[in-house]
Amino acid sequence: MLLEAMPAAKKNLDQRITLAFNKLLKDIGNQVEFELPDSFNKSKSTAYTLIKRNIYLTKKIKRRLEDDGIFCSCSASLGSSRVCDRDCHCGMLLSSCSSGCKCGSSCSNKPFQHRQVKKMKLVQTEKCGSGIVADEDIKQGEFVIEYVGEVIDDKTCEERLWKMKHCGETNFYLCEINRDMVIDATYKGNKSRYINHSCSPNTEMQKWIIDGETRIGIFATRDIRKGEHLTYDYQFVQFGADQDCHCGSSGCRKKLGVKPSKPKMSSDAALKLVACQVAVSSPKLKAMMSGKDVYQNGDLHIGSSQRALSSLPTYSCNCIGEVVRLSRRTDKTYV
């Protein structure tokens, strides 16, 4: 405002700036091409503290064991010492076996902290910074590692995101596990934070209930050979400018923010699948399907089902999601 009110002073200042700029150009002489040192060009990975379990900076939501209501009925089969394999009801519902299960110490569906983490090593990639390579063969469906970090709420997460954005940070280690609960492996975590994205990944994140606590496990979606890069689909939620994808797979979506088109099984569908398997394995249902043995009023009657079933309408054994009427002939009551 002062310079606008005094045109002569403003003109004098402009002349002085021009003279100083011209003198600077003369001193510099011819322009010279130069490059910044590699230490400036290469992005430095955020220093972090190695931890084995999640550290809660927010209120820990842990359901009571009796509220889960998930207990397996697995038992050891002949010639095998493994219990609770892929047909374990707890495992099919993404829940570790608990003290309420009868599977014993030979259970293979243990909590993450009691499972063997696969051997892996940290490497530098050409376009994706740090990455993780399998240091042993991994079979499809096997547990690889747990994704751990600081568990924070949405408010803290938003504050950290803005702070990282203003600092020019491009590497994010955030994974949402529940409403108002996010795992942040930026400052504390394990090697899982270095697993890179791929549009055709060989592992996936699964949300499990471990002793009533929601935790994230990484499992192999196919057989992985020693020396292969471990990857999973970030299903990236964009925060800032678009980020190009450099996974190099044939089905690459080019951008990290693009969602995959393949639908995933919902929790309701998983429950129905397990319920169907439980129903089919039920002795009562098998007896009714075979037409030999049936349970009546709590007692087992042999050879009396054929006549009773012949007079009743038959339906498909998969009646999940339908309303079923259970009748009792003796007193003509039903529910």
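The values are calculated or read from the model by the stated rules, or taken from the named source; none is laboratory data. Quick caveat: nothing in here was measured; it's all calculated off a predicted structure. For neighbour counting, all protein chains shown are included, and Cβ atoms are generated from backbone atoms with ideal geometry for every residue, glycine included. Just the protein is used for accessible areas: all its heavy atoms, side chains included, with ligands, DNA and RNA removed. Shrake-Rupley method; radii C 1.70, N 1.55, O 1.52, S 1.80 Å.
Can you work out the Karplus-derived ³J(HN,Hα) for every residue in the range 131-140? Use 6.51 cos²θ - 1.76 cosθ + 1.60 with θ = phi - 60°, whole Hz, and x for glycine or proline.
Values, residue by residue: x, 10, 10, 5, 9, 7, 5, 10, 8, 4 Hz.
Compute the accessible area per residue over the range 150-189, keeping the other protein chains in place, probe 1.4 Å, unit Å². Write out the running numbers ahead of the final one.
Details: 2220 Å² over 40 residues.
In whole numbers, the range 150-189 has 55 Å² accessible per residue.
Would you please give the residues with an amide H less than 5 Å from that of I51, counting only those at least 5 places away or on a separate chain, with H modeled from the backbone geometry?
G189, N190
Carbon and sulfur: what percent of the range 70-110's accessible surface (1.4 Å probe)? Don't skip to the answer; put the middle values down first.
Numbers: 1210 of 2380 Å².
The nonpolar share, carbon plus sulfur, comes to 51 percent.
Over the range 70-110, average the accessible area per residue using a 1.4 Å probe and give it in Å², no decimals.
Values: 2380 Å² over 41 residues.
Result: 58 Å² of accessible area for each residue.
Please give, to one decimal in nm, the separation of the simple spin-label points placed at L25 and S250, each 7 Å out from Cα toward the Cβ.
5.8 nm
Each label point is 7 Å from the Cα along the Cα-to-Cβ direction; what then is the distance between the points at D180 and Q116, in nm?
Going by the 7 Å Cα→Cβ label model, 4.2 nm.
For S130, enumerate residues with amide H under 5 Å from its amide H, sequence gap 5+ or separate chain, H modeled in the peptide plane.
Amide H neighbours of S130, under 5 Å, 5+ apart: T125.
With a sphere of radius 9 Å drawn around the Cβ of E146, what net charge do the other residues whose Cβ falls strictly inside it have (Lys, Arg +1; Asp, Glu -1)?
Working: positive: K52, R53, R115, R215; negative: none.
Result for the neighbourhood of E146: +4.
Suppose we take every Cα in the range 70-110 and form the convex hull; what volume per residue is that in Å³?
Numbers: hull volume 2.3 nm³, N = 41.
Spread over its residues, the Cα hull of the range 70-110 gives 57 Å³ apiece.
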